[in-house]
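These notes concern the structure reproduced below.
The values are calculated or read from the model by the stated rules, or taken from the named source; none is laboratory data. Remember, it's a predicted structure, so these values are computed and weren't measured experimentally. Backbone-built Cβ (ideal geometry, glycine too); neighbour counts: all protein chains shown. For accessibility, only protein heavy atoms count, side chains too; no ligands or nucleic acids. Shrake-Rupley method; radii C 1.70, N 1.55, O 1.52, S 1.80 Å.
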Amino acid sequence: MTVAKTGTGPLAGVRVVELAGIGPGPFAAMLLADLGADVVRVDRPGGGGLAIDPAYDVTNRNKRSVLVDLKSDEGPARVLDLAERADVLIEGFRPGVAERLGVGPEECLARNPKLVYGRMTGWGQRGPLAHTAGHDIAYIAVTGALGMIGDPAGPPAVPANLVGDYAGGSLYLVIGVLAALQHARTPGGAGQVVDAAIVDGTAHLTAMIHGMVAAGGWQDRRGANLLDGGCPFYGTYETSDGQYMAVGALEQQFYDTFVRLLGIADEAPARKDPARWGELREAVAARFRARTRAEWTEVFEGTDACVAPVLSLREAPHHPHLAARATFTDFGGITQPAPAPRFSATPATLHSGPARPGADTASVALDWDVPGLTGKGA
(Lines give C-alpha, C1' and ligand atoms only; values in the text may rest on other atoms or scores of the structure.)
Protein backbone atom coordinates (compact mmCIF):
# COMPACT_ATOMS: atom_id res chain seq x y z
CA MET A 1 0.00 0.00 0.00
CA THR A 2 1.29 3.45 -0.86
CA VAL A 3 1.71 6.09 1.81
CA ALA A 4 -0.44 9.19 1.53
CA LYS A 5 1.49 12.28 0.54
CA THR A 6 0.83 14.17 3.72
CA GLY A 7 3.08 16.47 5.67
CA THR A 8 4.46 16.23 9.17
CA GLY A 9 2.74 19.29 10.60
CA PRO A 10 0.15 19.45 13.39
CA LEU A 11 -2.67 18.48 11.00
CA ALA A 12 -1.00 15.25 9.83
CA GLY A 13 -3.71 12.62 9.48
CA VAL A 14 -6.50 15.13 8.81
CA ARG A 15 -8.21 14.54 5.48
CA VAL A 16 -9.55 17.49 3.49
CA VAL A 17 -11.59 17.55 0.29
CA GLU A 18 -11.33 20.79 -1.68
CA LEU A 19 -13.83 21.37 -4.46
CA ALA A 20 -11.74 23.34 -6.93
CA GLY A 21 -12.20 27.07 -7.21
CA ILE A 22 -10.05 30.19 -7.30
CA GLY A 23 -8.84 32.69 -4.74
CA PRO A 24 -9.57 32.28 -1.04
CA GLY A 25 -10.73 28.65 -1.11
CA PRO A 26 -7.52 27.26 -2.62
CA PHE A 27 -5.40 29.46 -0.35
CA ALA A 28 -7.23 28.18 2.73
CA ALA A 29 -6.75 24.60 1.57
CA MET A 30 -3.06 25.32 0.90
CA LEU A 31 -2.65 26.51 4.47
CA LEU A 32 -4.24 23.30 5.77
CA ALA A 33 -1.97 21.29 3.47
CA ASP A 34 1.09 23.23 4.64
CA LEU A 35 0.17 22.27 8.20
CA GLY A 36 0.19 18.59 7.29
CA ALA A 37 -3.35 17.76 6.19
CA ASP A 38 -3.90 15.37 3.30
CA VAL A 39 -5.72 17.74 0.95
CA VAL A 40 -7.36 16.25 -2.12
CA ARG A 41 -8.41 18.86 -4.65
CA VAL A 42 -11.33 17.82 -6.83
CA ASP A 43 -10.61 19.44 -10.19
CA ARG A 44 -13.10 19.66 -12.99
CA PRO A 45 -12.23 18.40 -16.47
CA GLY A 46 -11.03 21.30 -18.57
CA GLY A 47 -9.64 23.31 -15.68
CA GLY A 48 -11.17 26.42 -14.19
CA GLY A 49 -8.36 27.62 -11.94
CA LEU A 50 -6.02 30.57 -12.32
CA ALA A 51 -5.20 31.61 -15.87
CA ILE A 52 -1.62 30.43 -15.51
CA ASP A 53 0.19 27.15 -16.00
CA PRO A 54 -0.93 24.91 -13.08
CA ALA A 55 2.74 24.14 -12.44
CA TYR A 56 3.13 27.68 -11.08
CA ASP A 57 -0.02 27.89 -8.96
CA VAL A 58 1.63 27.59 -5.56
CA THR A 59 -1.75 27.79 -3.80
CA ASN A 60 -2.09 24.16 -4.91
CA ARG A 61 1.19 23.01 -3.35
CA ASN A 62 1.25 20.12 -0.87
CA LYS A 63 -2.05 18.84 -2.31
CA ARG A 64 -3.17 15.98 -4.50
CA SER A 65 -5.64 16.28 -7.36
CA VAL A 66 -8.34 14.07 -8.82
CA LEU A 67 -10.59 14.82 -11.78
CA VAL A 68 -14.34 14.58 -11.24
CA ASP A 69 -17.06 15.93 -13.49
CA LEU A 70 -19.71 16.99 -11.00
CA LYS A 71 -22.23 17.36 -13.81
CA SER A 72 -21.87 13.74 -14.85
CA ASP A 73 -24.15 11.01 -13.53
CA GLU A 74 -21.47 9.47 -11.32
CA GLY A 75 -19.63 12.69 -10.36
CA PRO A 76 -21.56 13.61 -7.21
CA ALA A 77 -21.31 10.04 -5.90
CA ARG A 78 -17.51 10.16 -6.18
CA VAL A 79 -17.38 13.39 -4.16
CA LEU A 80 -19.70 11.90 -1.54
CA ASP A 81 -17.40 8.87 -1.34
CA LEU A 82 -14.53 11.22 -0.57
CA ALA A 83 -16.60 13.25 1.90
CA GLU A 84 -17.51 10.06 3.75
CA ARG A 85 -13.80 9.47 4.44
CA ALA A 86 -12.83 13.11 5.06
CA ASP A 87 -12.68 15.31 8.12
CA VAL A 88 -13.20 18.57 6.23
CA LEU A 89 -14.72 19.63 2.93
CA ILE A 90 -14.18 23.10 1.44
CA GLU A 91 -16.24 24.61 -1.37
CA GLY A 92 -16.47 28.10 -2.82
CA PHE A 93 -19.53 27.97 -5.06
CA ARG A 94 -22.28 30.56 -5.03
CA PRO A 95 -25.02 29.70 -2.51
CA GLY A 96 -27.18 26.82 -3.70
CA VAL A 97 -24.80 25.52 -6.38
CA ALA A 98 -23.37 22.67 -4.27
CA GLU A 99 -26.91 21.65 -3.36
CA ARG A 100 -27.97 21.59 -7.02
CA LEU A 101 -24.94 19.46 -7.85
CA GLY A 102 -25.87 16.97 -5.13
CA VAL A 103 -22.86 17.62 -2.90
CA GLY A 104 -24.33 20.13 -0.45
CA PRO A 105 -24.11 19.94 3.34
CA GLU A 106 -27.22 17.79 3.71
CA GLU A 107 -25.94 15.06 1.41
CA CYS A 108 -22.38 15.16 2.77
CA LEU A 109 -23.34 15.17 6.45
CA ALA A 110 -25.79 12.33 5.84
CA ARG A 111 -22.82 10.26 4.71
CA ASN A 112 -20.45 11.59 7.37
CA PRO A 113 -22.04 13.22 10.45
CA LYS A 114 -18.62 14.28 11.76
CA LEU A 115 -17.73 16.21 8.61
CA VAL A 116 -16.85 19.90 8.83
CA TYR A 117 -18.34 21.52 5.72
CA GLY A 118 -16.53 24.81 5.02
CA ARG A 119 -18.21 27.30 2.71
CA MET A 120 -16.15 30.17 1.26
CA THR A 121 -18.01 33.05 -0.35
CA GLY A 122 -17.74 36.81 -0.63
CA TRP A 123 -21.23 37.79 0.51
CA GLY A 124 -22.12 34.76 2.65
CA GLN A 125 -24.87 32.18 2.35
CA ARG A 126 -27.68 34.63 3.16
CA GLY A 127 -28.45 38.31 2.54
CA PRO A 128 -29.61 40.50 -0.38
CA LEU A 129 -26.32 40.11 -2.26
CA ALA A 130 -25.70 36.43 -1.48
CA HIS A 131 -26.29 35.30 -5.07
CA THR A 132 -24.49 38.25 -6.66
CA ALA A 133 -21.04 38.02 -8.26
CA GLY A 134 -18.22 39.93 -6.63
CA HIS A 135 -14.50 40.21 -6.00
CA ASP A 136 -12.22 41.26 -3.18
CA ILE A 137 -12.41 44.96 -4.01
CA ALA A 138 -16.21 45.07 -3.65
CA TYR A 139 -16.22 43.10 -0.41
CA ILE A 140 -13.68 45.34 1.29
CA ALA A 141 -15.40 48.42 -0.14
CA VAL A 142 -18.73 47.85 1.61
CA THR A 143 -17.11 46.93 4.94
CA GLY A 144 -15.33 50.28 5.22
CA ALA A 145 -11.88 48.72 4.98
CA LEU A 146 -11.06 50.01 1.49
CA GLY A 147 -12.15 53.52 2.36
CA MET A 148 -9.50 53.72 5.07
CA ILE A 149 -6.57 53.08 2.74
CA GLY A 150 -4.79 55.65 0.60
CA ASP A 151 -4.01 59.33 0.19
CA PRO A 152 -6.97 61.53 1.14
CA ALA A 153 -6.33 63.66 -1.95
CA GLY A 154 -6.87 60.70 -4.25
CA PRO A 155 -8.96 57.55 -4.57
CA PRO A 156 -8.65 54.67 -2.08
CA ALA A 157 -5.57 52.51 -2.69
CA VAL A 158 -6.27 48.92 -3.74
CA PRO A 159 -4.28 46.50 -1.49
CA ALA A 160 -4.11 43.71 -4.12
CA ASN A 161 -6.50 40.97 -2.92
CA LEU A 162 -4.82 40.49 0.44
CA VAL A 163 -7.28 42.19 2.80
CA GLY A 164 -10.48 40.60 1.54
CA ASP A 165 -9.79 37.29 -0.17
CA TYR A 166 -6.98 36.10 2.06
CA ALA A 167 -7.19 37.94 5.40
CA GLY A 168 -10.96 38.34 5.64
CA GLY A 169 -11.71 35.15 3.71
CA SER A 170 -9.15 32.34 3.74
CA LEU A 171 -7.84 32.88 7.25
CA TYR A 172 -11.32 33.10 8.76
CA LEU A 173 -12.35 29.95 6.91
CA VAL A 174 -9.34 28.12 8.33
CA ILE A 175 -10.05 29.38 11.85
CA GLY A 176 -13.67 28.32 11.53
CA VAL A 177 -12.84 24.91 10.10
CA LEU A 178 -10.29 24.14 12.82
CA ALA A 179 -12.67 25.27 15.56
CA ALA A 180 -15.46 23.13 14.12
CA LEU A 181 -13.08 20.20 13.75
CA GLN A 182 -12.17 20.48 17.42
CA HIS A 183 -15.87 20.43 18.31
CA ALA A 184 -16.55 17.44 16.05
CA ARG A 185 -13.83 15.48 17.80
CA THR A 186 -15.03 16.15 21.34
CA PRO A 187 -17.34 13.64 23.08
CA GLY A 188 -20.85 14.24 21.81
CA GLY A 189 -19.58 16.59 19.11
CA ALA A 190 -20.79 16.55 15.53
CA GLY A 191 -19.94 17.98 12.17
CA GLN A 192 -21.39 21.29 11.03
CA VAL A 193 -21.40 23.94 8.32
CA VAL A 194 -18.94 26.87 8.50
CA ASP A 195 -20.24 29.91 6.62
CA ALA A 196 -17.10 32.01 5.97
CA ALA A 197 -18.04 35.24 4.20
CA ILE A 198 -15.33 37.67 3.16
CA VAL A 199 -17.53 40.60 4.19
CA ASP A 200 -17.85 39.15 7.70
CA GLY A 201 -14.15 38.46 8.11
CA THR A 202 -13.06 41.81 6.70
CA ALA A 203 -15.50 43.66 8.95
CA HIS A 204 -14.13 41.66 11.90
CA LEU A 205 -10.62 42.84 11.05
CA THR A 206 -11.73 46.44 11.67
CA ALA A 207 -12.84 45.76 15.28
CA MET A 208 -10.14 47.90 16.91
CA ILE A 209 -10.82 50.80 14.54
CA HIS A 210 -14.53 50.76 15.34
CA GLY A 211 -13.69 50.96 19.02
CA MET A 212 -11.41 53.93 18.38
CA VAL A 213 -14.12 55.66 16.33
CA ALA A 214 -16.59 55.23 19.18
CA ALA A 215 -14.05 56.62 21.64
CA GLY A 216 -13.28 59.62 19.46
CA GLY A 217 -9.77 58.44 18.78
CA TRP A 218 -10.21 57.80 15.04
CA GLN A 219 -11.70 60.10 12.42
CA ASP A 220 -13.91 58.39 9.88
CA ARG A 221 -11.96 59.72 6.92
CA ARG A 222 -8.81 58.66 5.11
CA GLY A 223 -5.36 60.01 5.92
CA ALA A 224 -6.29 61.70 9.20
CA ASN A 225 -5.31 59.10 11.78
CA LEU A 226 -2.38 57.46 13.50
CA LEU A 227 -2.26 54.32 11.35
CA ASP A 228 -3.63 55.40 7.97
CA GLY A 229 -0.88 57.69 6.72
CA GLY A 230 -2.19 60.80 8.41
CA CYS A 231 0.58 60.69 11.00
CA PRO A 232 4.01 61.88 9.74
CA PHE A 233 5.88 59.27 11.77
CA TYR A 234 3.82 56.36 10.45
CA GLY A 235 4.04 56.28 6.68
CA THR A 236 6.32 56.01 3.65
CA TYR A 237 8.86 58.43 2.24
CA GLU A 238 10.62 58.62 -1.11
CA THR A 239 14.40 58.42 -1.25
CA SER A 240 16.81 60.08 -3.69
CA ASP A 241 16.77 57.07 -6.03
CA GLY A 242 12.98 56.92 -6.33
CA GLN A 243 12.60 54.10 -3.79
CA TYR A 244 10.80 54.26 -0.45
CA MET A 245 11.36 53.82 3.28
CA ALA A 246 8.59 52.85 5.72
CA VAL A 247 8.45 54.62 9.08
CA GLY A 248 6.55 53.33 12.12
CA ALA A 249 8.08 55.30 15.00
CA LEU A 250 4.91 55.57 17.07
CA GLU A 251 6.21 55.30 20.64
CA GLN A 252 8.20 58.21 22.04
CA GLN A 253 11.41 56.26 22.61
CA PHE A 254 11.36 54.90 19.06
CA TYR A 255 10.53 58.34 17.66
CA ASP A 256 13.48 59.85 19.53
CA THR A 257 15.81 57.31 17.92
CA PHE A 258 14.19 57.93 14.53
CA VAL A 259 14.65 61.72 14.44
CA ARG A 260 18.17 61.42 15.82
CA LEU A 261 19.29 58.99 13.12
CA LEU A 262 17.41 60.93 10.46
CA GLY A 263 19.32 64.02 11.54
CA ILE A 264 16.44 66.31 12.44
CA ALA A 265 16.32 65.91 16.23
CA ASP A 266 17.04 69.60 16.80
CA GLU A 267 14.65 70.94 14.19
CA ALA A 268 11.70 68.55 14.23
CA PRO A 269 8.41 70.20 15.27
CA ALA A 270 6.62 68.84 18.32
CA ARG A 271 5.25 65.45 17.37
CA LYS A 272 2.26 65.71 19.73
CA ASP A 273 0.89 68.78 17.96
CA PRO A 274 -1.24 67.61 15.01
CA ALA A 275 -1.46 71.21 13.84
CA ARG A 276 2.25 71.01 12.99
CA TRP A 277 2.19 67.52 11.46
CA GLY A 278 2.37 69.01 7.97
CA GLU A 279 5.55 70.86 8.89
CA LEU A 280 7.01 67.73 10.45
CA ARG A 281 6.14 65.66 7.38
CA GLU A 282 7.94 68.12 5.11
CA ALA A 283 11.06 67.99 7.29
CA VAL A 284 11.09 64.20 7.31
CA ALA A 285 10.45 64.00 3.56
CA ALA A 286 13.25 66.42 2.78
CA ARG A 287 15.77 64.40 4.75
CA PHE A 288 14.78 61.10 3.15
CA ARG A 289 15.14 62.63 -0.32
CA ALA A 290 18.80 63.40 0.48
CA ARG A 291 19.98 59.75 0.36
CA THR A 292 19.25 56.49 -1.42
CA ARG A 293 17.17 53.69 -0.01
CA ALA A 294 20.29 51.58 0.49
CA GLU A 295 21.99 54.38 2.41
CA TRP A 296 19.02 54.94 4.69
CA THR A 297 18.67 51.17 5.21
CA GLU A 298 22.24 51.10 6.46
CA VAL A 299 21.54 54.00 8.83
CA PHE A 300 18.48 52.42 10.43
CA GLU A 301 19.27 48.69 10.19
CA GLY A 302 19.36 47.02 13.61
CA THR A 303 18.06 50.09 15.50
CA ASP A 304 14.81 50.69 17.38
CA ALA A 305 13.80 53.52 15.05
CA CYS A 306 11.16 51.23 13.47
CA VAL A 307 12.22 52.09 9.92
CA ALA A 308 12.49 49.60 7.06
CA PRO A 309 13.04 49.67 3.30
CA VAL A 310 9.99 49.11 1.09
CA LEU A 311 11.00 46.06 -0.96
CA SER A 312 9.49 44.52 -4.07
CA LEU A 313 8.25 40.94 -4.24
CA ARG A 314 11.49 39.85 -5.92
CA GLU A 315 13.65 41.74 -3.42
CA ALA A 316 11.92 40.51 -0.26
CA PRO A 317 13.42 36.97 -0.16
CA HIS A 318 16.91 38.50 -0.09
CA HIS A 319 16.35 40.68 2.97
CA PRO A 320 18.93 39.52 5.56
CA HIS A 321 16.40 38.85 8.31
CA LEU A 322 13.97 36.96 6.06
CA ALA A 323 16.85 35.01 4.55
CA ALA A 324 18.16 34.05 8.00
CA ARG A 325 14.70 32.81 9.03
CA ALA A 326 14.10 31.10 5.68
CA THR A 327 10.82 33.00 5.41
CA PHE A 328 10.94 32.27 1.69
CA THR A 329 12.07 29.06 0.07
CA ASP A 330 12.89 27.77 -3.39
CA PHE A 331 10.93 24.65 -4.25
CA GLY A 332 10.52 23.14 -7.67
CA GLY A 333 12.20 26.13 -9.24
CA ILE A 334 9.71 28.62 -7.71
CA THR A 335 10.63 31.13 -5.02
CA GLN A 336 7.69 31.22 -2.61
CA PRO A 337 6.78 31.86 1.03
CA ALA A 338 7.61 28.98 3.34
CA PRO A 339 4.82 27.44 5.46
CA ALA A 340 3.73 29.56 8.42
CA PRO A 341 3.42 29.72 11.38
CA ARG A 342 6.13 27.55 12.93
CA PHE A 343 5.76 24.71 15.40
CA SER A 344 8.37 23.38 17.81
CA ALA A 345 7.17 19.76 17.91
CA THR A 346 5.32 19.29 14.60
CA PRO A 347 7.07 21.43 11.98
CA ALA A 348 5.18 22.18 8.81
CA THR A 349 6.91 21.26 5.57
CA LEU A 350 6.74 21.96 1.87
CA HIS A 351 6.83 18.45 0.45
CA SER A 352 5.29 18.72 -3.01
CA GLY A 353 4.76 21.33 -5.68
CA PRO A 354 1.48 22.47 -7.21
CA ALA A 355 -0.89 19.58 -7.83
CA ARG A 356 -1.50 18.92 -11.52
CA PRO A 357 -5.20 18.39 -12.29
CA GLY A 358 -5.98 14.68 -12.06
CA ALA A 359 -2.40 13.58 -11.56
CA ASP A 360 -3.06 11.82 -8.24
CA THR A 361 -6.28 9.98 -8.99
CA ALA A 362 -4.76 6.52 -8.61
CA SER A 363 -2.96 7.22 -5.35
CA VAL A 364 -5.99 8.91 -3.77
CA ALA A 365 -8.28 6.09 -4.90
CA LEU A 366 -5.97 3.64 -3.13
CA ASP A 367 -5.20 5.64 -0.01
CA TRP A 368 -8.78 6.74 0.61
CA ASP A 369 -10.29 3.45 -0.60
CA VAL A 370 -12.42 5.05 -3.30
CA PRO A 371 -11.89 2.76 -6.31
CA GLY A 372 -14.66 4.50 -8.21
CA LEU A 373 -12.33 7.45 -8.81
CA THR A 374 -10.46 5.38 -11.35
CA GLY A 375 -13.54 3.79 -12.84
CA LYS A 376 -12.56 0.40 -11.45
CA GLY A 377 -15.31 -0.03 -8.94
CA ALA A 378 -18.28 1.49 -7.21
Using 0.36 nm times the number of residues separating Ala294 and Ile149, minus their current alpha carbon distance, what extension gain do you get? 49.5 nm
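Would you mind putting 10-17, 260-267 in packing order, based on average other-beta-carbon counts within 10 Å, highest first?
Details: 10-17: 20.8, 260-267: 14.1.
So the peptides 10-17, 260-267, ranked by packing, come out 10-17, 260-267.
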What is the percent carbon and sulfur in the accessible area of the chain, measuring with a 1.4 Å probe over the protein chains and ignoring ligands? 57 percent
Per residue accessible area of region 1-128, 1.4 Å probe, in Å²: 40 Å²
For the chain, convex hull of alpha carbons as volume per residue, Å³: 177 Å³
Go ahead and run the numbers for FRET between Ala340 and Gln253, Cβ-Cβ distance against an R0 of 35 Å, rounding to 0.05. 0.75
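If we count every other residue with Cβ under 10 angstrom of Ile198's Cβ, Lys/Arg +1 and Asp/Glu -1, where does the sum land?
Around Ile198, the charge tally is -3.
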Relative contact order of region 164-253 (C-alpha contacts under 8 Å, at least 6 apart) in percent is 18 percent
Sort region 140-276 into rounded, prolate or oblate with this rule: let a ≥ b ≥ c be the square roots of the eigenvalues of the Cα gyration tensor; rounded if a/c is under 1.5, and if a/c is not under 1.5, prolate when a/b is larger than b/c, oblate otherwise. prolate
Protection proxy (average C-beta count within 10 Å per residue), highest first, orders 187-198, 202-213 as 187-198, 202-213
Between Ile175 and Glu315, what length comes free when the chain is fully extended (0.36 nm per residue of separation minus the Cα-Cα distance, one decimal in nm)? 47.3 nm
Residues of region 189-219 with amide nitrogen under 18 Å from the 7 Å Cα-to-Cβ point of Val142? 195-206
For the chain, calculated [θ]222 nm from helices alone, where every DSSP H run of n ≥ 4 adds -39500 (n - 2.57): -8500 deg cm²/dmol
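Highest mean first, how do 114-121, 276-283 rank when packing is the count of other Cβ atoms within 10 Å averaged over residues?
For the peptides 114-121, 276-283, the packing ranking is 114-121, 276-283.
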